[in-house]
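Student: Following this message is one structure expressed as structure tokens.
The values are calculated or read from the model by the stated rules, or taken from the named source; none is laboratory data. Bear in mind that the values here come from a model prediction, so they are computed numbers and not experimental data. Counting neighbours? That spans all protein chains shown, and the Cβs are built from the backbone with ideal geometry, glycine included. SASA here: full protein model, heavy atoms, side chains in, ligands and nucleic acids out. Shrake-Rupley method; radii C 1.70, N 1.55, O 1.52, S 1.80 Å.
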Amino acid sequence: REIHTRAFDALSHLLETLASELAHAGVADYVRFEAVLLEDLGFGLDLESCAATGARDDLTHVSPKSGRAVSAGVAAPYRDKLFALPPFLLDHTAQPSPKDLADGLALTGFFLSRSVLEPGGIAVPAARTRLVERLAAERPAS
């Protein structure tokens, strides 16, 4: 019964975007909504500066342990253990690619599952799983 004004505003904006049929913009807004929800619930991602150096530029990855951003140089040797940080989470004017959207969903999905859903014995909602699958089907094979 707590009031989460930011989460409500983010969800409201998301629903407006989805209603306008801007599919990719809607998915980007959905990822942003999940990031706001994580923050409001006390599990926010720290995307302001590099966890290792404090640098604010060239942030490309997120640590699954700390939820903090990591710069490209620091991330290089650990890329396979880190989440990609899609540019649209740092710059709301950036146009996300299908890969960026998939990376965003993977990032917020991991932290939602680990910090919010699993401790409560709650499964990932089927609608979210379908969204991830649908987006994966859109991506060209690499």
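Student: Among the residues of segment 40-73, which ones are out of contact with any His (no Cβ under 6 Å at 6 or more places or on another chain), under 19 Å from VAL116 (Cα atoms) and open to solvent by less than 50 Å² (accessible area, probe 1.4 Å)?
Tutor: GLY44, LEU45, VAL62, SER63, PRO64, GLY67
Student: If a residue must be β-branched (Val, Ile, Thr), open to solvent by 20 Å² or more (accessible area, probe 1.4 Å) and touching a residue at least 60 places away in the same chain (Cβ under 8 Å), how many such residues does segment 95-136 contain? Show your work before the answer.
Tutor: So in segment 95-136, the residues β-branched (Val, Ile, Thr) come out as 108, 116, 122, 124, 129, 132.
Imposing the further condition that a residue be open to solvent by 20 Å² or more (accessible area, probe 1.4 Å) reduces the set to 116, 122, 124, 129, 132.
Retained after the next criterion (residues that are touching a residue at least 60 places away in the same chain (Cβ under 8 Å)): 116.
Matching residues across segment 95-136 total 1.
Student: So in segment 11-46, with the set limited to residues that are in contact with a Phe, Trp or Tyr (Cβ under 6 Å, 6 or more places away or on another chain) and farther than 26 Å from ASP57 by Cα, which one is modelled with the highest pLDDT?
Tutor: Only one residue tops the list, namely LEU11.
Student: Using beta carbons and a limit of 7 Å, which pairs, at least six apart or on different chains, have the first residue in segment 12-34 and within 21 Å of LEU107 (Cα to Cα) and the second one modelled with pLDDT under 70 and open to solvent by less than 40 Å² (accessible area, probe 1.4 Å)?
Tutor: Between residues of segment 12-34 that are within 21 Å of LEU107 (Cα to Cα) and residues that are modelled with pLDDT under 70 and open to solvent by less than 40 Å² (accessible area, probe 1.4 Å), the close pairs are ALA25/THR17; GLY26/THR17; ASP29/THR17.
Student: It is to be established whether one or more residues within segment 74-86 are touching a residue at least 12 places away in the same chain (Cβ under 8 Å), open to solvent by less than 30 Å² (accessible area, probe 1.4 Å) and closer than 24 Å to LEU15 by Cβ.
Tutor: Yes.
Student: Here is a follow-up. Going through segment 95-133 one residue at a time, which ones are at pLDDT below 95, among the basic types (Lys, Arg) and within 16 Å of the chain's Cα centre (by Cα)?
Tutor: Passing the criteria: LYS99, ARG128.
Student: Is it the case that some residue within segment 20-27 is of a type outside the set (Phe, Trp, Tyr), crowded, with 19+ Cβ neighbours inside 10 Å and not in a helix (DSSP H, G or I)?
Tutor: no
Student: Being farther than 22 Å from VAL31 by Cα and of a type outside the set (A, V, I, L, M) is the filter here, so list the residues in segment 51-84 that pass it.
Tutor: The answer is THR53, GLY54, GLY73, PRO77, TYR78.
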